[in-house]
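Engineer: Shown below is the structure under consideration.
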Amino acid sequence: MADATSVLQVSPVIPVVTIDDPRHAVPVAKALADGGIRIIELTLRTDSALTSLALIANEVPDILVGAGTVLTAAQADAAVSAGAQFLVSPGVTASLLDHLLTLGLPVLPGVATVGEVMAVQERGLAAMKFFPAGPAGGPAYLAAIGAPIPQVRFCPTGGVSLASAPDYLKLPNVPCVGGSWLTPRSAVESDDWSQITALARQATELLGRPLG
């Protein structure tokens, strides 16, 4: 199953997490889970990202962990080997999408234009990452896309905050948003897991009902 529609139903917010030190990986994931968040997009932006991904996959089974910032086929393969349960790209090329669709995991390709949405939809996918959400047009843009293409669901990421998330989540084609505010660098570096848990709990209530 390559389509990630079910992934978008796990939580109103998918934390977009960048971990510099793998020793923080498991505590961050557990703190999010304690707050009711059951999903993480762990970005492949650091040299140790795959180590962190493997630690979460092996030690925090309550969390659905995916690899984000997938730019190449080699990164996708490495993420799958490390235990990724879904894959997210900030954008997508035909060759990258070809490869992602061979891996058997849910895939969230990044799109920013109507043409890109249509191209990904032609490949049989109905769930996509809208990135960068703020600069690309925000809620108004997604509302406009929803008129001619109502069957596609989006996870907007990039410039989304706790304050702006409700404007996205009220749209029928946006079941969740992606955001980095749940795991602030200062909290991670100071081992302030209670702050992350509190932010996670706050995020679960964005749809008006607690999760977890």
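Engineer: For a quick check: with amide H placed at 1.01 Å from N, whose amide H comes under 5 Å from residue 129's, ignoring anything fewer than 5 positions away on the same chain?
Structural biologist: 110, 111, 155
Engineer: On to the next question. Amide H of residue 177: which non-local residues (sequence gap of 5 or more, or other chain) have their own amide H closer than 5 Å, using H built in the peptide plane?
Structural biologist: 13, 14
Engineer: Which length gain, in nm to one decimal place, applies between residue 149 and residue 77 when the Cα-Cα distance is subtracted from 0.36 nm times their residue separation?
Structural biologist: Difference between extended and current length: 22.8 nm.
Engineer: Given the DSSP H assignment, sum -39500 (n - 2.57) over each helix run of at least 4 residues in the chain and divide by its residue total; what's the result at 222 nm in deg cm²/dmol, nearest 500?
Structural biologist: -10500 deg cm²/dmol
Engineer: In the stretch 7-204, with Lys and Arg counted as +1 and Asp and Glu as -1 at Cβ, which of these residues, 87, 64, 134, has the Cα nearest the positive end of the dipole, that is, farthest along it?
Structural biologist: 134
Engineer: So what J values fall out for the stretch 102-109 if you push phi through Karplus, 6.51 cos²θ - 1.76 cosθ + 1.60 with θ = phi - 60°, rounded to Hz, Gly and Pro as x?
Structural biologist: 8, 8, x, 9, x, 10, 10, x
Any read-out appearing in this document is the output of simple, stated calculations on the displayed coordinates, not a laboratory observation. Not measured: the values here are computed from a predicted model. For neighbour counting, all protein chains shown are included, and Cβ atoms are generated from backbone atoms with ideal geometry for every residue, glycine included.
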